[in-house]
Structures are given as structure tokens and as C-alpha cells.
Amino acid sequence: MSVVVPVRNEARNLEIVLPALAAVRPAVHEIIVVDGHSADGSLDVARRVLPSVRTVTQTRRGKGNALACGFAEVTGDVVVMFDADGSADPAEIPAFVDALVAGADLAKGSRFTAGGGSDDITALRRAGNLGLNVVANALFGTSFTDLCYGYNAFWVDLLPVLDLPATDAPAPPAGVPWGDGFEIETVLNCRFAAAGLAITEVPSVERRRIFGDTNLRTFADGARVLRTLLAERRRSSRTLAPVLPLPVPAVPAVPPASAVPPAVPLARQPEPQPVPDEPVPHPSTDPCPGGTARARA
């Protein structure tokens, strides 16, 4: 199991989050911290607090690119997406893994299913998330209760399904390429759903960020998620092969009655001849009284 943690100026939070991740039991295989060009020495703090941590610097900007760079470094069989701000509980990781082992392809955290909750979400964000859930479920035939939550886990061999932008592609002069931003969770959910994979929601309790301010922009990120849903629906319509009707086999034409050759009578078979009765052996000479000889074991 590999935990991928995207960070940008989260040095103080990493001092708390990384030891908590390392204390999870069963132990995680690796923790990969992906830095978004932090100015507060986040990578130095990560290496000091947890010497076994693997560190990567993302190639462009945005949370999606950070996660893609982390996914490229994974060596475990399961990927866990984990925020560095302290809002996610590392003790919930075994529940995500259990859902995968039970048959899920994607274990999706939800704050709004039974057992979940949030100490951080505002009423405005809650209403926006609810509306986006309705749109996503209508477009993809799903039953998401928390589309925009970023605490997820999936099998690493399903990474090709995501088809994320190549991490070595150059950054554009301006803006963030599609899939590189905060829409990454929506992209992931839509592409797993469009591929017909098994998705299980796992109850999760979101806590308040420990230090610092959130990087979320309620209206801008909400509008980007809505555009993502529409774009992903169009994409799934293009990439899914159409269902074609099965070919109907041709029925051979029945020739007219005048063309049907007369039936040829079958040759008479000889009558079966009676089989003469076999002599009954004398009891004194029967090698296996009461029946035939017993087969060898």
C-alpha cells in the first residue's frame, strides 16, 4: 500500500501528519510526499520528521499534476490519496483497504454517508457539493454522496484507466492543463464510473485543517468541477465502443417441391441374432463367488 501526499507549504502540518501515517497498522508500504514548489521547506521537514519518506517535486502546477507525479512513483499494489493539511484521519486507511479487498476497484471516502461527517465544510460548500452529486449521478448513473472529497484508494493496476496528462509534458505559458487542477477527484470518479468499475463509498470524518488556510476557491473550483462533469460525459461517449446488434444468420431458402429429390429407402438391416446362454460355472470353480472378479485397487 502506497500513500501519496501532495503538499504545498504544509511544513507545520507534515510534522503531525507524517508520524500519524507511519503509525498506521497494518503498516503502509511507502509514503510519497509530492511537493508543489513550496516556499516553507516542506520537503526538508518531511525528510527530517520521517527519514523513510520518499519525496518528489511535481513537474507543473496543480493538485492533479502533483498526484499524477506521485502515482508514477508508486511501487505498492494499492494507492491511497491523502491530504497533508491534517483534515483526513490516517486511522481510516484500513477501512479503505478492506473495501478494496472485499471487491471494490475504487474505495471512495464520503463525509455524507452513514458514519461519515465533517468539522470543516461550510453550508455553501455543502450545498454546492450536493448539487454536483445530483449532476454526476444523472450523467453517469452513479449514486455518489460526496463527489468532491479527495480521500480515496484504488488498485494501482487501474492507473491506465485514469489516462492523466503525461507528467513530463511541458507546462503551458498560462493556466493549468485539464486534469492538473482541483478537478482531479472528479476526473477520477468519472473515469472509474465510465469504465464500469466497482465503486464502494467508505464513511470518513473530515477534520479541520491544523495550520494554514485552505487552497480551495468555492466558486471557481465548483465551476471547474461542473465543467469537468460535462467534459467527462462527452469523453465517455466518445471512448466507449457502441453496442451493435448481433448479426442475424441467413435462413436458407426452401427449394420448391419439384426440386426435392425422392427419399431413398434405407437398406434393410439384418435381424439381431439371439445370444446363447452362457454356461453357469460350478460353485467349486467360480473364482469369485457372488459376481465377477473385483477390480484391482
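Scan the range 98-120 residue by residue and report those that are touching a residue at least 60 places away in the same chain (Cβ under 8 Å), surrounded by fewer than 18 Cβ atoms within 10 Å (Cβ to Cβ) and of a type outside the set (Asp, Glu).
Residues satisfying the conditions are Ala102, Gly103, Thr113, Ala114, Gly115, Gly117.
Regarding Gly64, is this residue open to solvent by less than 60 Å² (accessible area, probe 1.4 Å) and in a helix (DSSP H, G or I)? Full working, then the answer.
On the way: open to solvent by less than 60 Å² (accessible area, probe 1.4 Å): yes; in a helix (DSSP H, G or I): yes.
It is true that Gly64 is open to solvent by less than 60 Å² (accessible area, probe 1.4 Å) and in a helix (DSSP H, G or I).
What number of residues within the range 1-37 are assigned to a strand (DSSP E or B) and over 22 Å from the mean Cα position of the chain (by Cα)?
First pass over the range 1-37, keeping only residues assigned to a strand (DSSP E or B): 2-7, 30-35.
Applying the additional criterion that residues be over 22 Å from the mean Cα position of the chain (by Cα) yields 7, 35.
Residues flagged as assigned to a strand (DSSP E or B) and over 22 Å from the mean Cα position of the chain (by Cα) within the range 1-37 amount to 2.
Hey, can you tell me all the residues within the range 121-159 that are surrounded by 15 or more Cβ atoms within 10 Å (Cβ to Cβ) and in a loop (DSSP other than H, G, I, E, B)? Steps first, please.
If we filter the range 121-159 for residues that are surrounded by 15 or more Cβ atoms within 10 Å (Cβ to Cβ), which is where we start, we get 121, 125, 128-129, 132-133, 135-137, 139-140, 142, 144-155, 158-159.
Once the filter is applied, which keeps residues that are surrounded by 15 or more Cβ atoms within 10 Å (Cβ to Cβ) and in a loop (DSSP other than H, G, I, E, B), the range 121-159 yields Ile121, Thr142, Phe144, Thr145, Asp146, Leu147, Cys148, Tyr149, Gly150, Tyr151.
For the range 199-213, which residues satisfy the criterion of being open to solvent by 60 Å² or more (accessible area, probe 1.4 Å) and charged (D, E, K, R)?
Arg207, Arg208, Asp213, listed by residue number.
Within the range 123-143, how many residues turn out to be of a type outside the set (A, V, I, L, M) and free of Cβ contacts under 8 Å to residues at least 40 places away in the same chain? Walk me through how you get there before you give the answer.
Step one: list which residues in the range 123-143 are of a type outside the set (A, V, I, L, M), which gives 125-126, 128-129, 131, 133, 137, 140-143.
With the extra rule that they be free of Cβ contacts under 8 Å to residues at least 40 places away in the same chain, the set shrinks to 126, 129, 131, 133, 137, 143.
Matching residues across the range 123-143 total 6.
Tally up the residues in the range 28-60 that are touching a His at 6+ places or on another chain (Cβ under 8 Å) and surrounded by fewer than 19 Cβ atoms within 10 Å (Cβ to Cβ), please. If you could, list the steps in order and put the result at the bottom.
Let us first name the residues in the range 28-60 that are touching a His at 6+ places or on another chain (Cβ under 8 Å), namely 57-58.
Restricting the remaining residues to those that are surrounded by fewer than 19 Cβ atoms within 10 Å (Cβ to Cβ) gives 57.
Within the range 28-60, residues that are touching a His at 6+ places or on another chain (Cβ under 8 Å) and surrounded by fewer than 19 Cβ atoms within 10 Å (Cβ to Cβ) number 1.
Within the range 17-27, which residues are modelled with pLDDT of 95 or more and either surrounded by 15 or more Cβ atoms within 10 Å (Cβ to Cβ) or within 14 Å of Phe96 (Cβ to Cβ) (or both)?
Taking the range 17-27 first, the residues modelled with pLDDT of 95 or more are 17-24.
Residues satisfying the conditions are Val17, Leu18, Leu21, Ala22, Val24.
The values are calculated or read from the model by the stated rules, or taken from the named source; none is laboratory data. None of these values were measured; they are calculated from a predicted model. Backbone-built Cβ (ideal geometry, glycine too); neighbour counts: all protein chains shown. Please note that ligands, DNA and RNA were not included when accessible areas were found on the heavy atoms of the full protein model with its side chains. Shrake-Rupley method; radii C 1.70, N 1.55, O 1.52, S 1.80 Å.
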